[in-house]
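**Q** Have a look at the structure that comes next, please.
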Amino acid sequence: MDNFKTPEEFCRFLWHCYLEQRDMRDLKEVADERLTVIGTGSHEISRNRAEFLEAMDRELEKWDGVFLIEDEWYQATEIRENLYSVIGELKAKENAEDRIIYDFSFRFSVLVEKKEGNWFLLQIHQSMPDVSQGDDEFFPHRLIEQENRIFQEKLTEKTRELEMTNRRFLYELRHDELTGLLKRYCLEEMVEKSMKECGQGTLLMIDIDDFKKVNDTFGHPMGDKVLVALGECLRKNFSQDLAGRIGGDEFILYLACDGKSQETLRDKLSRLREDWDGVIGKLKLSFPVTFSVGVAHYPSDGDNYRVLWPVADKALYEAKKSGKDKVCFASES
């Protein structure tokens, strides 16, 4: 490698040898023992000549294409006698006809030394020009802003996902998995709150008559369908009121700010029974399924949920005792 007069000529030879001829033998011959290389890829780093030679061998095994250099420039600076720093830029494209051709450009900085009339390569550093950095920028502000926007978008998306997960978790925590109605503790909490906000209300205990017979006759999957059906009927007919399942086939309704009009309440329960009969009819059971209701008023029958609930439950017991499929008011029991 003694036929190059200038470091620029030597560097030009190296890049043409590497990209166009794909002949690694000359590169290996000029690689100094002190050679270090940093490429554009995160994996492209060689700390010594041995690592560089291994990297060249791997590259030849994995890819056998060649490039055409379309534009290039080189500029050398003498650091001391026979030691030069050369910077430059290359623009090239893949030389192929059987696939999509891609082009690229990169900048480089190399350190070369001439010893005993021969040139040797001491260091290679490559970088890719950032096309997103404007000519008026001395620092890639636009790129950073873009990355910040991408990060903010991802953060917003992740926050939205977490909020949805949190809402779903809270919903499942507060609602019965089978019917979608409020769970016992949540129902009690909301009834107590409603009692504080409004000075009167009505609590209804609802229980499916002979529900065990449904499970024993048709199995628990059918029993679940019956429970779901009652929950749907309660939501439909008492959409503005609090509805919960407190266990098994027991349900509670709380009608906030509701007075003591038995006639109005019986009309609502009559419509509930009509919907219930229609839904149960679609299940095609071999016997009718009914429900009983116990009713207690706030505050005359109890001044808080814990007191009112047993009163309504006692009224429910009286409704079942009197023949089932009945409505019994605590004031009458």
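**Q** Looking only at the stretch 61-87, which residues are under 44 Å from the mean Cα position of the chain (by Cα) and loosely packed, with under 11 Cβ neighbours inside 10 Å? Lay out the reasoning, then the answer.
**A** In the first step, residues of the stretch 61-87 are kept if they are under 44 Å from the mean Cα position of the chain (by Cα); the result is 61-67.
Across the stretch 61-87, the qualifying residues are Glu61, Lys62, Trp63, Asp64, Gly65.
**Q** Answer yes or no: is there a residue in the stretch 207-216 that is part of a loop (DSSP other than H, G, I, E, B), surrounded by 13 or more Cβ atoms within 10 Å (Cβ to Cβ) and touching a Ser or Thr at 6+ places or on another chain (Cβ under 7 Å).
**A** Scanning the stretch 207-216 turns up at least one residue that is part of a loop (DSSP other than H, G, I, E, B), surrounded by 13 or more Cβ atoms within 10 Å (Cβ to Cβ) and touching a Ser or Thr at 6+ places or on another chain (Cβ under 7 Å).
**Q** Of the numbered conditions (1) touching a Lys or Arg at 6+ places or on another chain (Cβ under 8 Å); (2) under 19 Å from Phe106 (Cβ atoms); (3) assigned to a helix (DSSP H, G or I), Ile69 fails exactly one; give the number of that condition.
**A** (3)
**Q** Taking Arg47 as meeting all but one of (1) charged (D, E, K, R); (2) out of contact with any helix residue (DSSP H, G or I) (no Cβ under 7 Å at 6 or more places or on another chain); (3) modelled with pLDDT under 90, write down the number of the exception.
**A** Unmet condition: (3).
**Q** Could you say whether any residue in the stretch 318-325 is touching a helix residue (DSSP H, G or I) at 6+ places or on another chain (Cβ under 6 Å), over 24 Å from Gly223 (Cα atoms) and not in a helix (DSSP H, G or I)?
**A** Taking the stretch 318-325 first, the residues touching a helix residue (DSSP H, G or I) at 6+ places or on another chain (Cβ under 6 Å) are none.
Within the stretch 318-325, not a single residue is touching a helix residue (DSSP H, G or I) at 6+ places or on another chain (Cβ under 6 Å), over 24 Å from Gly223 (Cα atoms) and not in a helix (DSSP H, G or I).
**Q** Test of understanding: among Glu263, Glu250, which residue is at pLDDT 95 or above, surrounded by fewer than 17 Cβ atoms within 10 Å (Cβ to Cβ) and within 22 Å of Glu318 (Cα to Cα)? Give the steps one after another, and end with the answer.
**A** On the way: Glu263 fails: at pLDDT 95 or above.
When all the criteria are applied, what remains is Glu250.
**Q** While we're looking at this one, here's another question. Quick one: would you say Leu272 is in a helix (DSSP H, G or I), surrounded by 15 or more Cβ atoms within 10 Å (Cβ to Cβ) and in the same structural domain as Ser322 (by TED's automatic domain parsing)? Before the answer, list the steps.
**A** Values: in a helix (DSSP H, G or I): yes; surrounded by 15 or more Cβ atoms within 10 Å (Cβ to Cβ): yes; in the same structural domain as Ser322 (by TED's automatic domain parsing): yes.
Answer is yes for this residue.
**Q** While we're here: Quick test of your reading of the structure: Lys282 fulfils all but one of (1) at pLDDT 95 or above; (2) exposed (fewer than 13 other Cβ atoms within 10 Å of the Cβ). Name the failing condition by number.
**A** Among (1) at pLDDT 95 or above; (2) exposed (fewer than 13 other Cβ atoms within 10 Å of the Cβ), the lone unmet condition for Lys282 is (1).
**Q** Does Leu14 meet the test of being in contact with a Phe, Trp or Tyr (Cβ under 6 Å, 6 or more places away or on another chain), in the same structural domain as Lys115 (by TED's automatic domain parsing), closer than 24 Å to Met128 by Cβ and surrounded by 11 or more Cβ atoms within 10 Å (Cβ to Cβ)? Step through it out loud before you land on a result.
**A** Working: in contact with a Phe, Trp or Tyr (Cβ under 6 Å, 6 or more places away or on another chain): no; in the same structural domain as Lys115 (by TED's automatic domain parsing): yes; closer than 24 Å to Met128 by Cβ: yes; surrounded by 11 or more Cβ atoms within 10 Å (Cβ to Cβ): yes.
It is false that Leu14 is in contact with a Phe, Trp or Tyr (Cβ under 6 Å, 6 or more places away or on another chain), in the same structural domain as Lys115 (by TED's automatic domain parsing), closer than 24 Å to Met128 by Cβ and surrounded by 11 or more Cβ atoms within 10 Å (Cβ to Cβ).
**Q** Condition first: surrounded by fewer than 19 Cβ atoms within 10 Å (Cβ to Cβ), in contact (Cβ under 8 Å) with a residue 40 or more places away in the chain and among the β-branched types (Val, Ile, Thr). Now tell me which residues in the stretch 286-333 satisfy that.
**A** The one that is surrounded by fewer than 19 Cβ atoms within 10 Å (Cβ to Cβ), in contact (Cβ under 8 Å) with a residue 40 or more places away in the chain and among the β-branched types (Val, Ile, Thr): Thr290.
**Q** Check the stretch 162-179 and report whether any residue there is assigned to a helix (DSSP H, G or I) and under 24 Å from Arg306 (Cβ atoms). Spell out the reasoning first.
**A** Initially, the stretch 162-179 is screened for residues assigned to a helix (DSSP H, G or I), giving 162-174.
Imposing the further condition that a residue be under 24 Å from Arg306 (Cβ atoms) reduces the set to 173-174.
Yes: the stretch 162-179 contains one or more residues that are assigned to a helix (DSSP H, G or I) and under 24 Å from Arg306 (Cβ atoms).
**Q** While we're looking at this one, here's another question. List pairs: first in the stretch 255-281 and more than 23 Å from Glu332 (Cβ to Cβ), second part of a helix (DSSP H, G or I) and of a type in the set (Lys, Arg), Cβ under 9 Å, 6+ apart or cross-chain?
**A** As it stands, the answer is Asp275/Lys236, since those pairs meet every condition given.
**Q** Tell me whether the stretch 285-297 contains one or more residues that are out of contact with any strand residue (DSSP E or B) (no Cβ under 9 Å at 6 or more places or on another chain), farther than 19 Å from Ile246 by Cα, among the hydrophobic types (A, V, I, L, M, F, W, C) and at pLDDT below 95. Outline the logic, then answer.
**A** Pass one, the stretch 285-297, residues out of contact with any strand residue (DSSP E or B) (no Cβ under 9 Å at 6 or more places or on another chain): 285-288.
With the extra rule that they be farther than 19 Å from Ile246 by Cα, the set shrinks to 285-288.
From the residues that got through so far, the ones that are among the hydrophobic types (A, V, I, L, M, F, W, C) too are 285, 287.
This time we only want the ones that are at pLDDT below 95, so: 285, 287.
Looking through the stretch 285-297, at least one residue is out of contact with any strand residue (DSSP E or B) (no Cβ under 9 Å at 6 or more places or on another chain), farther than 19 Å from Ile246 by Cα, among the hydrophobic types (A, V, I, L, M, F, W, C) and at pLDDT below 95.
**Q** State whether the residues of the stretch 1-19 include one that is in contact with a Leu (Cβ under 7 Å, 6 or more places away or on another chain) and in a strand (DSSP E or B).
**A** Among the residues of the stretch 1-19, not one is in contact with a Leu (Cβ under 7 Å, 6 or more places away or on another chain) and in a strand (DSSP E or B), which makes the answer no.
**Q** Right, here's the next one. Applying the selection to the stretch 31-60, what residues are assigned to a strand (DSSP E or B) and without any contact (Cβ under 8 Å) to a residue 40 or more places away in the chain? Walk me through it before giving the result.
**A** First pass over the stretch 31-60, keeping only residues assigned to a strand (DSSP E or B): 31-38, 45-46.
Across the stretch 31-60, the qualifying residues are Glu33, Ile45, Ser46.
**Q** Another question about this same structure. Return a yes/no flag: does the stretch 62-73 have any residue that is out of contact with any helix residue (DSSP H, G or I) (no Cβ under 7 Å at 6 or more places or on another chain) and on the phi > 0 side of the Ramachandran plot.
**A** No, that holds for no residue.
**Q** What number goes with the only condition from (1) free of Cβ contacts under 8 Å to residues at least 40 places away in the same chain; (2) part of a helix (DSSP H, G or I) that Gln240 does not pass?
**A** Exception for Gln240: condition (2).
The values are calculated or read from the model by the stated rules, or taken from the named source; none is laboratory data. This one's a predicted model, so the numbers in the text were calculated from it and none came from an experiment. Backbone-built Cβ (ideal geometry, glycine too); neighbour counts: all protein chains shown.
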